[in-house]
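Okay, so here's the structure we're looking at.
A short reminder: the numbers here are calculations on the coordinates, not readings from a lab. All of these numbers come straight from a predicted model, not from anything done at the bench. Cβ coordinates were reconstructed from backbone atoms using ideal geometry, including for glycine residues, and neighbour counts include every protein chain displayed.
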């Protein structure tokens with residue numbers, strides 16, 4: 001019998017493998033991305049203290065109004081710019097990019113591009 005590989009289980013395995021090497025600190029926190037079929041979420045996390053410094057997602061009520069009519073890729077760019085602005089507001093200029101086991105293409109790459117446009121360095 002032929003069985004289909006579980007893509008999400010493979011993604012989680014990739015993410016765990018990468019997380020063994022990557023962690024955020026107070027000087028250089030981690031920009032973590034999670035992507036669902038309809039929404040995208042990102043957080044800036046200080047792993048040493050265990051705190052989320054800033055977050056942005058397409059689920060926020062004010063963001064929902066602004067991204068109405070946009071494609072998912074355009075919304076990801078908007079969220080990248082928003083997380084970049086929030087990071088600069090809490091004095092974070094450099095981050096470690098954690099793509100969450102996803103391929104660096106499409107919406108994940110657009111988050112990174114938007115964050116760089118807003119002024120984050122990674």
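Taking other C-beta atoms within 10 Å as the exposure proxy, 98, 6, 62 rank 62, 6, 98 from fewest upward.
Our summary gives the chain a relative contact order of 28 percent, counting only alpha carbon pairs under 8 angstrom and 6 or more residues apart.
Report the FRET efficiency, 1/(1 + (r/R0)^6), for residue 88 and residue 4, where r is their Cβ-Cβ distance and R0 is 30 Å, rounded to 0.05. FRET efficiency, residue 88 to residue 4: 0.10.
Compute the Rg to Rh ratio over the stretch 1-96 from the alpha carbon atoms, using the Kirkwood formula for Rh, and round to two decimal places.
Values: Rg = 15.6 Å, Rh = 14.8 Å.
Reported Rg/Rh (Cα atoms, Kirkwood Rh): 1.05.
Taking 7 Å steps out from each Cα toward its Cβ at residue 20 and residue 116 produces label points 2.9 nm apart. Of 108, 63, 95, which is the most mobile in a GNM of the chain whose springs link Cα atoms less than 10 angstrom apart? With Cα springs under 10 Å in the chain, the top fluctuation among 108, 63, 95 is at 63.
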